[in-house]
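Enquirer: Attaching a single structure in structure tokens format; questions to follow.
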Amino acid sequence: MQPIFSHVLGNSVLFPKSKIARLLIHLCFWIAFIIAHLLFFLPALMRGELTSAMICSYVLYYGKFVFIFYICSILLRFLRTGVNGAVLWLLLFVFCVAVTHLLNIISFKVADLLIGLENTTLSFEMLGRMFLSDSPKDITTKVSLVIFNLQDMQLLILPVGLKMVKYGMRYQKARQDLETQRVKKELDHLKSQLGPHFILNILSSAYVKIQDVSKESASYLGKLADIIHYSLYETNQDMISLEREINCFKNLVDLESGRQQSRVMLSIEQHGTVKPSYRIPSLLLMTLAENAFKHGIKNDSYPSRLDVKIQIENDKLDFFIENSKSHQEESPKIKPSGIGLQNILRRLQLHFNKDFVFHINETANVYSVNVVIPIALKDPLNGL
């Protein structure tokens, strides 16, 4: 029974498939929220003491929480991009109190203009007079208004609690998806390990034998062995050292461009300091390099170019790679925005939520990918 309830709650209510369904669910929730609080006046209704003015005034009063909730939600999304930890929640709390105070003033002002505070309940009228008074307020009145705003915020416990449940379920689902991918990756790795391991040993032996014969050939084999070793033994975790990834990326680019001889004009620029603590999703840059050669340069016999810019600044990696497109009319049907790039996008979403940039630009002659990600933040899905 519990799994069925959780499935219905998760898929149908917390994670609706369309924007219209999401809008309807939010609308129904807030209507139920207001009606539930108006049930406080049920005894007065049964005694015939409830007036339309009283109903309108309290609909305005409870309706303000809709605006408080969404204004604070928007602020939370804005602050999360630059503020973390206790400072984030302190700023959000202060802002929420200020928004509550402002909307209290607005709701009482609208009630006064539409129905008149004198036509509402005595408590509503007294509160309205306190908030709308133009005379300077003494310290006791100011403290009373602050306390009232804090008490008002208690009514946000239910919608905020549901929002936290939603985030918790989304986080758990992301962890499960990533764990499934990790297990599959390990199985595939174990199945294919024997062959590459044998090749790696052969390459290591060949490197030693030809080192004195041709340093260029030995360097080629050394880089190839390093890439195989990296993909075999160092990428089991989802996050890897940025320095190691960049080094293997450059080795791969050197090997591929070397195979194309003088046909490839290669440019790699790197700026900024790479700290040992910086980490990124494993094989991220390697996949982008492979995509550039596989779908652009490798399929063309004309002169080609590959431009790479690596910028490390403010604990962020700004990686840009651009390759010329194939001039052949009968190029492969697989487009650069295929499985490899889709997997990259999915991994970035799992690791960084929305705190990343993944931009693809394609023209008639060039294809480029720009990735901007944080490299010093803890990875919530990997416990780093």
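Enquirer: Quick check, is residue 115 in contact with a Lys or Arg (Cβ under 9 Å, 6 or more places away or on another chain) and of a type in the set (A, V, I, L, M, F, W, C)?
Expert: Working: in contact with a Lys or Arg (Cβ under 9 Å, 6 or more places away or on another chain): no; of a type in the set (A, V, I, L, M, F, W, C): yes.
It is false that residue 115 is in contact with a Lys or Arg (Cβ under 9 Å, 6 or more places away or on another chain) and of a type in the set (A, V, I, L, M, F, W, C).
Enquirer: Now, a different point. Please count how many residues of the stretch 88-136 are surrounded by fewer than 18 Cβ atoms within 10 Å (Cβ to Cβ) and either in contact with an Asp or Glu (Cβ under 8 Å, 6 or more places away or on another chain) or among the basic types (Lys, Arg) (or both).
Expert: 4
Enquirer: Here is a further query. Taking residue 314, is it at pLDDT below 85 and either under 23 Å from residue 238 (Cα atoms) or in contact with a His (Cβ under 7 Å, 6 or more places away or on another chain) (or both)?
Expert: On the way: at pLDDT below 85: no; either under 23 Å from residue 238 (Cα atoms) or in contact with a His (Cβ under 7 Å, 6 or more places away or on another chain) (or both): yes.
No, not satisfied.
Enquirer: Would you pick out the residues in the stretch 245-269 that are surrounded by fewer than 18 Cβ atoms within 10 Å (Cβ to Cβ) and over 17 Å from residue 306 (Cβ atoms)?
Expert: Within the stretch 245-269, 247 is the sole residue that qualifies.
Enquirer: Could you tell me which of the residues 242, 288 is in the same structural domain as residue 326 (by TED's automatic domain parsing) and either in contact (Cβ under 8 Å) with a residue 12 or more places away in the chain or over 16 Å from residue 320 (Cβ atoms) (or both)?
Expert: Values: 242 fails: in the same structural domain as residue 326 (by TED's automatic domain parsing).
None of the other options fit; the residue is 288.
Enquirer: Right, here's the next one. Does the stretch 14-54 hold any residues that are in contact with a helix residue (DSSP H, G or I) (Cβ under 6 Å, 6 or more places away or on another chain), modelled with pLDDT under 80 and either outside the structural domain of residue 122 (by TED's automatic domain parsing) or within 26 Å of residue 170 (Cβ to Cβ) (or both), and which are they?
Expert: Listed by number, the residues that qualify are 14, 16.
Enquirer: Let me ask you something else. When you go through 323, 343 one by one, which is the residue that is over 30 Å from residue 79 (Cβ atoms), in contact with a helix residue (DSSP H, G or I) (Cβ under 9 Å, 6 or more places away or on another chain) and at pLDDT 85 or above? Steps first, please.
Expert: Details: 343 fails: at pLDDT 85 or above.
Residue meeting the stated conditions: 323.
The values are calculated or read from the model by the stated rules, or taken from the named source; none is laboratory data. On a predicted model such as this, the values are computed, not experimentally measured, just so you know. All Cβ positions, glycine included, derive from the backbone under ideal geometry; neighbour counts span all protein chains shown.
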